[in-house]
Every structure is written in structure tokens, then in C-alpha cells.
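The next block holds one structure in the form of C-alpha cells; read it before the comments.
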Amino acid sequence: MNLAQKEREAAAALPKGSVLAVLYEQHARIRDLFDLVSSADSPQAKQVAFDRLRELLAVHEAGEEMVVRPATRRIASAQVADARNAEEAEAAHVLANLEKMDVSTPDFAMALAEFEQSVSEHAQREEIEEFPYMLAQLSSQDQLKMGERLLEAEKAAPTHPHPGAAGSTTAQFLAGPFAALLDKARDTFQDKKD
Ligand SMILES: [Fe+2]
Ligand SMILES: [Fe+2]
């Protein structure tokens, strides 16, 4: 069983919509999208798959910084929260660079493979160092409420990486809505162009 399948199994064992079910399911989708980008057989298909991956990663990491990290800080440790935020800030830089690259080049393929490895390790650290604490220490009701808040935060989150706001709960709350508005305008413009 690969990691995405294991994550889907973990999500299925939890109440639908609870924060960890949402996060496990998104980790599995992120892995699937990395596969889709690398295996796409035309530059157009690669670009479409990359855009979906970029959007999911941008909203997923912003959502975690806004909703999950404050809980981690409280019930796991500040060190773990800071370490995950730092990894996400670094990932936002890499994603912003990847976004500027031509997806059909070998350089892109190499950079993507390296990024996939670090995103995978980051997700596994979350699953080992954060999720068990949330599962053990938050009531089922709180886990459901957090799941709702996470999806709401993701709906309003920027769809492109913003390294200036990444890695900080406060910066996400302050900069997120403005960046999200700009990104949504940019996405609409791009949709019309396609
Ligand atoms: Fe994360
Ligand atoms: Fe995550």
C-alpha cells in the first residue's frame, strides 16, 4: 500500500469532515497530484496538473498555519509548531520559483522531484508529530469544528504561494485575504485566457 492509500485509509477511519480526516485526504490528493504532474504526457497536461497541485498546496499550507498550528503550539509543543511553519515558509519559496518555470524543461522535472521529496517528508512529520496529539487531546466535537474552520480558511486562502505570509499564523490572517483577492482575480483572468 502506498502512502496516499494509507492516508485515505486513515481519513476513512475518522468522522467525515473532522480536521484530521480533511488533512489526511488532502495529503493523499497532494501525492496523487505530484504523480499526475510527473506522468503527464504533454506540456499542457503538465501545466494543468501543476496548477491544481500549486493551488491545493497553497490553500492547504495556509489553512494549517491558520487553524492547526495554534492547536499544535498548545497541545504538542512550540518547537514542533515552529518547525512545521518554517518548513512551510521554505516550501512557499520553492513553489513560487517552480511556478515561474517552464514545466516542459528537465530543470523543472528535477526541481519538482526534489520538492516532492521535501513535501512528503513534511507531511509525514505532521502525521507523526502533530496529528496524534490532536486526536488524543481534542474532543470529537472540537475536531469537527476545527475541520469546518479549516475548510473555511482554505476557501478564503490565496491560491498561489506568498512567501511573505507563509510560515506565520498572524501573517496569514493579515495578508491572506488581500493576497487571496488578487489571486482570485488572476485565476479568473487566466481562465478566460485559456
Ligand atoms: Fe503542512
Ligand atoms: Fe499538511
Dimensionless Rg over Rh [segment 41-146; C-alpha; Kirkwood]
1.06
Working out 0.36 nm times the residue gap between ALA136 and ASP102, then minus their Cα-Cα distance, what length gain in nm do you get to one decimal?
7.8 nm
Dipole of segment 1-136 [Lys/Arg +1, Asp/Glu -1 at C-beta], most positive-end residue of HIS122, SER38, ALA76
ALA76
Counting only Cα, what are the radius of gyration and maximum Cα-Cα distance Dmax of the chain, in Å?
16.3, 48
For ASN2 and ARG149 in the same chain, what is the full-extension length gain: residue separation times 0.36 nm, less their Cα-Cα distance, in nm?
50.0 nm
In nanometres, what is the gap between the two model label sites at ALA185 and ALA83, each 7 Å from Cα along Cα-to-Cβ?
4.1 nm
Per residue, the convex hull enclosing the alpha carbons of segment 1-42 has a volume in Å³ of 62 Å³
How would you rank 110-122, 88-100, 23-35, highest first, on the average number of other Cβ atoms within 10 Å across their residues?
23-35, 88-100, 110-122
For segment 74-194: relative contact order, % (alpha-carbon pairs under 8 angstrom, 6 or more apart):
35 percent
What does the C-alpha gyration tensor say about the overall shape of segment 91-194? Classify as rounded when a/c is under 1.5, otherwise prolate if a/b is larger than b/c, or oblate.
oblate
Grab the DSSP H runs of the chain that are 4 residues or longer, score each as -39,500 (n - 2.57), total them, divide by all residues and round the 222 nm result to the nearest 500 deg cm²/dmol.
-27000 deg cm²/dmol
Roughly what would the spin-label model give for GLN117 and ILE75, points 7 Å off Cα along C-beta, in nm?
3.4 nm
Relative contact order for segment 56-119 using alpha-carbon pairs under 8 Å, separation at least 6, rounded to a whole percent?
22 percent
Students often get this wrong, so check it: of LYS16/LYS155; LYS16/LYS46; LYS100/LYS184, which have C-alpha atoms separated by over 24 Å?
LYS16/LYS46
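Every number in this text was worked out from the coordinates using simple rules, so none of it is lab data. Every value quoted in this text rests on a predicted model; they were computed, and no experiment measured them. Glycine gets a Cβ as well: all are built from the backbone with ideal geometry, and neighbour counts include every protein chain shown.
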